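The values are calculated or read from the model by the stated rules, or taken from the named source; none is laboratory data. Not measured: the values here are computed from a predicted model. Here the Cβ positions follow ideal geometry from the backbone for every residue, glycine too, while neighbour counts run over all protein chains shown. Calculation scope for accessible area: heavy atoms of the full protein, side chains included, ligands and nucleic acids excluded. Shrake-Rupley method; radii C 1.70, N 1.55, O 1.52, S 1.80 Å.
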Amino acid sequence: MSAENTKDSFYQLFVSANGQAQSFKKVILLQKCGVPSETKVLDDITATDDRREIKVPVDFKEGSEIDFEYVLDSTDTTHQLLQTSFETAKELVFQLKFVEVPTESRQFKGIISELTTDNDDIKKKLRKKGKISITSEVIKELTA
């Protein structure tokens, strides 16, 4: 194994109200964001005379959520879009881009199902913590 071939995990989150190529805006001051789960659903097909449990993948994915957090800039239009979309339950299009390994980037639709203000640490700026409920297939081809 060669350490020279490893890549840093720097990433960015972009959001769009309509999914058009020029409409994606970077979520500035992003602190963290999870990666959508790609776990396959398994069906138990163990026969009554099998001596071992047998499970096979099904062409179905269960719903998943990812957590995200950003430092709030109440004048930023992207932060305002996230807040408005949460309040109205509007579906958005997200792109999670890995800076050094673009082939690992993801695009998906989602609804912000949770968005709370975090003021737990007075030594930090005001933050928003949220969850994105994924409502579409997660694809690795980004809208250019």
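Taken as a whole, segment 60-71 holds at least one residue that is open to solvent by less than 80 Å² (accessible area, probe 1.4 Å), under 16 Å from I112 (Cα atoms), at pLDDT below 95 and part of a loop (DSSP other than H, G, I, E, B).
Reported count of residues in segment 101-128, each being in contact with a Phe, Trp or Tyr (Cβ under 6 Å, 6 or more places away or on another chain) and of a type in the set (D, E, K, R), is 2. For first residues located in segment 42-56 and on the phi > 0 side of the Ramachandran plot, partners that are open to solvent by less than 100 Å² (accessible area, probe 1.4 Å) and lie 6+ apart or on another chain with Cβ distances below 9 Å do not occur. Considering segment 33-45, the residues that are part of a loop (DSSP other than H, G, I, E, B) and open to solvent by less than 30 Å² (accessible area, probe 1.4 Å) include one that is farthest from D76 (Cα to Cα), namely P36. Could you check segment 83-134 and list, in sequence order, the residues that are open to solvent by 80 Å² or more (accessible area, probe 1.4 Å), touching a residue at least 60 places away in the same chain (Cβ under 8 Å) and within 16 Å of K26 (Cα to Cα)? Passing the criteria: V99, K109.
Quickly run through segment 72-82 and pick out the residues that are open to solvent by 80 Å² or more (accessible area, probe 1.4 Å), at pLDDT 95 or above and not in a helix (DSSP H, G or I). Result: T75, single match.
In segment 3-45, the qualifying residues are those that are within 12 Å of the chain's Cα centre (by Cα) and polar (S, T, N, Q), and the one that is nearest to D67 (Cα to Cα) is S37. Of everything in segment 10-32 that's in contact with a strand residue (DSSP E or B) (Cβ under 7 Å, 6 or more places away or on another chain) and of a type in the set (G, A, S), which residue is surrounded by the most Cβ atoms within 10 Å (Cβ to Cβ)? So, considering only residues that are in contact with a strand residue (DSSP E or B) (Cβ under 7 Å, 6 or more places away or on another chain) and of a type in the set (G, A, S), the one surrounded by the most Cβ atoms within 10 Å (Cβ to Cβ) is S16.
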